[in-house]
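What follows is a short report on a single structure.
The values are calculated or read from the model by the stated rules, or taken from the named source; none is laboratory data. On a predicted model such as this, the values are computed, not experimentally measured, just so you know. Reconstructed Cβ throughout: ideal geometry from the backbone, glycine too, with neighbour counts over all protein chains shown.
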Amino acid sequence: MKFYFEVSKRRSRFLKWLYDDFGEYVEGLKNKRSDIPMTLHLRNEKEIEGSFIVDVECLPTMYYKMQQHVQTDYTEQEVEGAARECSALVEDLFVGVLKAETIQKPSTLMTPKETELKSRLRSLGLMDTIDCLDSSEENIKQNDFEGSITSSRTALEKMTKYFLNQLGLEETYRFKSDLDRLSSKGYISQDTQELLQKIYEYQSLSGVHRIGSKPNQYEAELFYHMTMSCIEYMLKRLSY
C-alpha cells in the first residue's frame with residue numbers, strides 16, 4: 001500500500017526514526033500475526049516551499065509469506081484486515097504524530113491469488129510482464145485510467161508471446177493472428193480465442209486508441225483483473 005504525504009521541515013527530523021528503527025519494532029511480531037505491517041518504505045519525492053513530499057509504502061507480513069510461497073491461502077477478509085492495519089499505522093504516524101497532510105491514499109487492487117500469480121511470473125523471469133502490471137496498478141492510483149488500460153493490454157500481449165514461444169510456435173506480431181495460431185493448433189478453444197480477442201479489443205478502444213468517453217477507475221480496475229485472469233489461464237494451460 002502506497003501513500004503520499006506532505007511533511008513540514010520542522011517535523012521531518014522524526015522521519016529518521018521511521019527510516020532506521022521501524023524494522024526492529026515489528027521484528028518480533030512478524031511470525032505471530034500475518035496482518036502486522038512488517039515493512040515501511042519511505043522516499044522523499046521532492047521538496048516544495050518548506051515541506052517534503054514523502055512516498056510511503058507499507059507492506060504486511062502476509063505479503064512476504066505469499067511471495068515466498070510460505071502461505072498463500074488468505075481469505076479476502078484477512079487481506080482487507082491487513083490493509084486496514086497498514087492504513088491505520090501509516091495514518092497514526094503521519095497524520096497523528098507528524099501532522100502531515102494526506103495527498104493521496106492508496107487503492108488496494110491485489111488479491112492473494114494475484115499476488116501468488118505475480119510471484120510465479122517472477123520465478124519464470126517474466127519481469128517485463130510484471131512491470132506492465134505494476135504500471136497498470138500505479139496508473140490507477142494516479143488517476144491515469146487510459147494509461148492503466150494500455151499497460152494491461154501490453155501485459156496481455158507479452159504473455160501471449162510467451163505462451164506461443166513455450167509451445168514452440170512462431171509469433172506473428174499481431175495479436176489476432178497469434179490467437180488464430182493458438183486456436184488452429186488446438187491449444188485454445190474457439191470460444192477462448194473470441195473472449196481473449198474481445199478483451200484485447202476493448203482494452204485497445206479504452207486505452208491510447210480510445211473511441212468514445214474516457215474510461216473511469218472501475219473500468220481500469222476491471223481490465224486489470226481480467227488481464228490477470230487471462231495470464232493465469234495461459235500459465236495453467238502450459239501445465240496441462
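A few notes on this one:
- Residue within segment 182-189 that is in a helix (DSSP H, G or I), of a type outside the set (Asp, Glu), in contact (Cβ under 8 Å) with a residue 40 or more places away in the chain and under 25 Å from Arg122 (Cβ atoms) present: no
- Qualifying positions in segment 65-95 - at pLDDT below 70, surrounded by 15 or more Cβ atoms within 10 Å (Cβ to Cβ) and not aliphatic (A, V, I, L, M): Gln67, Thr72
- Exclusive hit being more than 16 Å from the chain's Cα centre (by Cα), on the phi < 0 side of the Ramachandran plot, among the aromatic types (Phe, Trp, Tyr) and assigned by TED's automatic domain parsing to the domain that holds Met228, set Phe145, Phe175: Phe175
- Only one of the listed residues (Leu156, Leu196, Leu169) is surrounded by 14 or more Cβ atoms within 10 Å (Cβ to Cβ) and assigned to a loop (DSSP other than H, G, I, E, B). That residue is Leu169.
- Residue in segment 221-239 that is modelled with pLDDT under 85 and not aliphatic (A, V, I, L, M) present: yes
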